[in-house]
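Written below as structure tokens is the structure these notes are about.
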Amino acid sequence: MLQQTQTSRVITPWTKFVEAFSTPTSCADAPLSEVLRLWGGLGYHRRAKALHDAAIMIRDEFDGAVPNAVADLRRLPGVGEYTANAVASFAFGECVAVVDTNVGRVLARAVANRTLSVRDARVVANELLPRSNAAAFNQALLDLGAQFCTSTPRCDPCPMARVCRWHVEGGPDPAPRSAGVSRPQSKFQGSDRQARGRVLAALRERPHSVRHLLACVDDVDVRRGTTLIAGLIADGLVEQRGQLVRLSGDVQPARPARGT
Ligand code: SF4
């Protein structure tokens, strides 16, 4: 849920989600439609499907227990290197580096005093990683990047100031746009992502006709709207039977209102 989404927006849906699905198996046993409903307004709905697919894999291949090895975590749908390493480190105490944009920025400034590629940042982080309590080290770097070493750094109160290479040696900012570990988000207003969100918001209420869904996104032309709905079907998020569209696995009876 936290991928590309602010923590403050995630807290409420996350709380509802873990109340409804307290284990991976309970999530895996639910239809995708229930997961999408609890996903609420978080956007990037493919993440919800990936989470559901991951829960199914955990139930079927790992006896319902989240695996602790990075290699196994990387096999789960939607789990990339950062997420796998974060789960392995913070949940299981594995000795692996957790490198996101913030950490890449701290390493570029405090350790290297040069711009780091994503790969470079991971190499530097792994070289520094202590053998014991690696999770605390990872958390400290994440906190430094979030609290002090932001894009406009607050060096005076930073606990790294005395040893930070950039602060001590000077020179141009080695991380003017961070270490490039994360891709910048594209504009949301008027985007396909926004229109897909509106279609899914309508379907969270109940199934609708294609015509009604196109009316929900009346600021895009019919061709683009039809393509959007086809994309949601191709992504496995919704299903179409005849003219009626519903969330995948939705068991709600179709009660289309007049004109839908
Ligand atoms: S001293 Fe400044 S540049 Fe160095 S790590 Fe701290 S905030 Fe970042």
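The values are calculated or read from the model by the stated rules, or taken from the named source; none is laboratory data. From a predicted model like this one, the values you see are computed outputs, not experimental measurements. Methodologically, a virtual Cβ is constructed for each residue, glycine included, from the backbone with ideal geometry; neighbour enumeration extends over all protein chains shown.
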* Asked: Which of the residues that make up segment 214-234 are part of a loop (DSSP other than H, G, I, E, B) and either more than 26 Å from the chain's Cα centre (by Cα) or touching a residue at least 24 places away in the same chain (Cβ under 8 Å) (or both)?
  -> ASP218, ASP219, VAL220, ASP221
* To do: Out of the residues in segment 87-100 that are assigned to a helix (DSSP H, G or I) and surrounded by fewer than 21 Cβ atoms within 10 Å (Cβ to Cβ), state the one that is farthest from the chain's Cα centre (by Cα).
  => PHE92
* To do: Would you check if ARG198 is free of Cβ contacts under 8 Å to residues at least 24 places away in the same chain and not in a loop (DSSP other than H, G, I, E, B)?
  => yes
* Structure fact -> The residue from CYS149, CYS164 that alone is within 11 Å of the ligand (Cβ to nearest atom), within 24 Å of ALA86 (Cβ to Cβ), in the same structural domain as ARG122 (by TED's automatic domain parsing) and in contact (Cβ under 8 Å) with a residue 24 or more places away in the chain is CYS149
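In the list ARG241, ARG204, which residue meets the criterion of being surrounded by 13 or more Cβ atoms within 10 Å (Cβ to Cβ) and more than 16 Å from the ligand (Cβ to nearest atom)?
Working: ARG241 fails: surrounded by 13 or more Cβ atoms within 10 Å (Cβ to Cβ).
Residue meeting the stated conditions: ARG204.
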* Do we find a residue being over 24 Å from LEU51 (Cα atoms) and assigned to a loop (DSSP other than H, G, I, E, B) anywhere in segment 66-76? -> no
* Out of VAL70, VAL118, VAL87, report the one residue that is at pLDDT below 95, closer than 30 Å to ASP235 by Cβ and more than 13 Å from the ligand (Cβ to nearest atom). => VAL118
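A quick yes/no check of all residues on (1) within 11 Å of the ligand (Cβ to nearest atom); (2) modelled with pLDDT of 95 or more; (3) farther than 29 Å from ALA65 by Cβ:
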position	(1), (2), (3)
LEU107	yes, yes, yes
ALA125	no, yes, no
SER132	no, no, no
GLN139	no, yes, no
GLN185	no, no, yes
